[in-house]
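Trainee: Have a look at this one before I ask anything.
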Amino acid sequence: MSIYFVQVLTALLGFSLFAALNNNTKHFSPIFLPSLFGIIAGILIFKMLRYALLDTQAKAMIDCITLVFLLFALIFIFINNKYIKMAIFALLGLGYGFTYSSISSLFPLFNGELLDTQSVISFFLMCFAMLLCIFTFFIVSNLKEYIKANLIKILAFIVLFALFFEKISVSILELMRLGKIPTHTQVLSLVAKGIYISSFLVYFFVFIIFMIVILASYAKPNLPDKKVVGSVPYRFALAKRNFITTNSKFVSSFCVIAIIFALYYDLYASKPPQISTPTLVEPQNGKFVFDTEILKDNDLHRYAYITDDGKEVRFFLLNRFPDRPSPIIVFDSCMICGDMGYVKKSADLICISCNVRIFLPSVGKEGGCNPIPMKYKFDGRYITVDYQTIVDGSNYFSKVVEKIVLDPVSRKKVSNLTSPSYLYYNRRYFFENNKTQAEFEANPEKYVDINGTLK
């Protein structure tokens, strides 16, 4: 849910701060209203272009246009023209509104027919983040009136440079993807580093806001002696101090909230869930047998078998219905997303790779992001899987681990990662050296049965 809050801050906080630092009038209409209308227009334009399947090309074009107007905005740190400034910030707002819609389109709020609690909370967080950006604009506009003009120009230039740095990194990458500019390794490396650095810009903008609070606090007038200056000058000085203090407290609170959400998202929520460590199992008489009594906890039980050539084949058991026995065993891999695996949360099975939630009763069926099914037998209590079924599933997995096995000739322990090998009746055998391998190849039935048992 925190992603909906962070998306707003990522797209709009820097622009809100830059607009506030350029607001040189007591009236907010020359900057605020054009920027707000521009953001709304950018969101609506993205929706229309996405419906027409033109959003990818349009994103690159609008980012490049935004980049140009960020350069134009540089002159307004030093030159003030009301009408040109209104046009510039309206177009910048359109660009950043389009950017926000592009970011948020990957995680739609209401993508189902039912309105659930999670969607409502996420919608509230999105609106809350937008209000924080709006309040940040107004409060920073208030506080900057008490800071030296040269310092405000320096801060505005720093924020503009950060916005330009982020936008040029994204624009170059988008143009490379569209084939508009050639892909060079060095340029791509610089762009990747730029995008990585840009991911921390929310914290940088919060730092700038704290700097404004500190500078404004230093500008608070000292309270004069009321008896010396009189009640009117005293009340003016007191009102100015209270005004700065109140605004500083509000914007500081907003910054703390923003940092908390950003840290929570970066350190926890954005990290993919980790699968539990599988229990290693070995076949008995060519069979894997599992007691389904363990499924009474309605949890996912993960296992793994290390094949002779070191492939880790993962699979898991779970109960599809919480109110009755309905065990199922499947490979911990997806035909679409690969072998990152699954985690179980409440009544859903979640594909770690794409975050798709899978309805538990559908587990065991083919298609979509369902885990790959396997053949098994269930006698009412025990699930039995043939050894060959598990081995055949090794093609669905990529992880190779070290396994210490016996050389069937010398009977010495060897590693599957460093030893020569030979395939015999779909079983791979590893050898101490080329000599024992040659002896095995010359007469394999002398050393093993066709089922893999050493003689």
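The values are calculated or read from the model by the stated rules, or taken from the named source; none is laboratory data. Small disclaimer: the values here were computed from a predicted structure and weren't measured. Quick reminder, even Gly has a Cβ in these numbers, built from the backbone with ideal geometry, and neighbours come from all protein chains shown. Surface areas here come from the heavy atoms of the whole protein model, side chains and all, with no ligands, DNA or RNA. Shrake-Rupley method; radii C 1.70, N 1.55, O 1.52, S 1.80 Å.
Trainee: Look through Phe397, Phe378, Phe331 and report the one residue that is over 24 Å from Ser276 (Cα atoms) and either at pLDDT 85 or above or basic (Lys, Arg) (or both).
Mentor: The unique qualifying residue is Phe378.
Trainee: Return yes when Gly286 is open to solvent by less than 80 Å² (accessible area, probe 1.4 Å), small (Gly, Ala, Ser) and closer than 30 Å to Tyr382 by Cα and no when it is not.
Mentor: Against the criterion (open to solvent by less than 80 Å² (accessible area, probe 1.4 Å), small (Gly, Ala, Ser) and closer than 30 Å to Tyr382 by Cα), Gly286 qualifies.
Trainee: As an exercise: evaluate Ile154 against (1) modelled with pLDDT of 90 or more; (2) surrounded by 17 or more Cβ atoms within 10 Å (Cβ to Cβ) and give the number of the one condition it does not meet.
Mentor: (2)
Trainee: Considering only residues that are aliphatic (A, V, I, L, M) and touching a residue at least 40 places away in the same chain (Cβ under 8 Å), which ones fall in region 355-394?
Mentor: Leu360, Val363, Ile372, Met374, Ile383, Val385, Ile390, Val391
Trainee: Given (1) more than 29 Å from the chain's Cα centre (by Cα); (2) over 30 Å from Asn443 (Cβ atoms); (3) not polar (S, T, N, Q), where does Leu406 come up short, assuming only one miss?
Mentor: Just one mismatch for Leu406, condition (2).
Trainee: Now for a different question. Somewhere in region 256-267, is a residue among the charged types (D, E, K, R), surrounded by 15 or more Cβ atoms within 10 Å (Cβ to Cβ) and either in a helix (DSSP H, G or I) or touching a strand residue (DSSP E or B) at 6+ places or on another chain (Cβ under 6 Å) (or both)?
Mentor: yes
Trainee: What are the residues in region 289-304 that are under 31 Å from the mean Cα position of the chain (by Cα) and either farther than 18 Å from Gly380 by Cα or assigned to a strand (DSSP E or B) (or both), if any?
Mentor: Asp299, Leu300, His301, Arg302, Tyr303, Ala304
Trainee: Scan region 421-452 for residues that are open to solvent by 20 Å² or more (accessible area, probe 1.4 Å), under 20 Å from Ser394 (Cα atoms) and not hydrophobic (A, V, I, L, M, F, W, C) and jot them down.
Mentor: Ser421, Tyr422, Tyr424, Tyr425, Asn426, Arg427, Arg428, Asn451
Trainee: Okay, next question. How many residues, within region 339-395, are part of a loop (DSSP other than H, G, I, E, B) and either among the charged types (D, E, K, R) or within 27 Å of the chain's Cα centre (by Cα) (or both)?
Mentor: Summing the residues that are part of a loop (DSSP other than H, G, I, E, B) and either among the charged types (D, E, K, R) or within 27 Å of the chain's Cα centre (by Cα) (or both) in region 339-395 gives 20.
Trainee: Okay, moving on. Counting residues that are more than 30 Å from Arg241 (Cα to Cα), which helices (runs of 4 or more DSSP H) fully inside region 112-228 reach at least 2?
Mentor: Answer list for region 112-228: 117-143, 149-177, 185-198.
Trainee: With the requirement that a residue be aliphatic (A, V, I, L, M), touching a strand residue (DSSP E or B) at 6+ places or on another chain (Cβ under 8 Å) and open to solvent by 10 Å² or more (accessible area, probe 1.4 Å), what does region 329-346 give you?
Mentor: Passing the criteria: Met335, Met340, Val343.
Trainee: If we keep just the residues of region 388-420 that are open to solvent by less than 80 Å² (accessible area, probe 1.4 Å) and small (Gly, Ala, Ser), which is farthest from Thr436 (Cα to Cα)?
Mentor: Checked region 388-420; the qualifying residue farthest from Thr436 (Cα to Cα) is Gly393.
Trainee: Here's a follow-up. Please find, among Phe37, Phe76, Phe46, Phe98, the residue that is closer than 25 Å to Leu151 by Cα and either open to solvent by less than 10 Å² (accessible area, probe 1.4 Å) or assigned to a helix (DSSP H, G or I) (or both).
Mentor: Phe76
Trainee: Just checking, which of Ser253, Ser199 is over 25 Å from Leu70 (Cα atoms), open to solvent by less than 70 Å² (accessible area, probe 1.4 Å) and out of contact with any Ser or Thr (no Cβ under 6 Å at 6 or more places or on another chain)?
Mentor: The conditions single out Ser253.
Trainee: Now for a separate question. Just one of (1) in contact (Cβ under 8 Å) with a residue 60 or more places away in the chain; (2) closer than 30 Å to Met61 by Cα; (3) open to solvent by 80 Å² or more (accessible area, probe 1.4 Å) trips up Pro182, so point out which.
Mentor: Among (1) in contact (Cβ under 8 Å) with a residue 60 or more places away in the chain; (2) closer than 30 Å to Met61 by Cα; (3) open to solvent by 80 Å² or more (accessible area, probe 1.4 Å), the lone unmet condition for Pro182 is (1).
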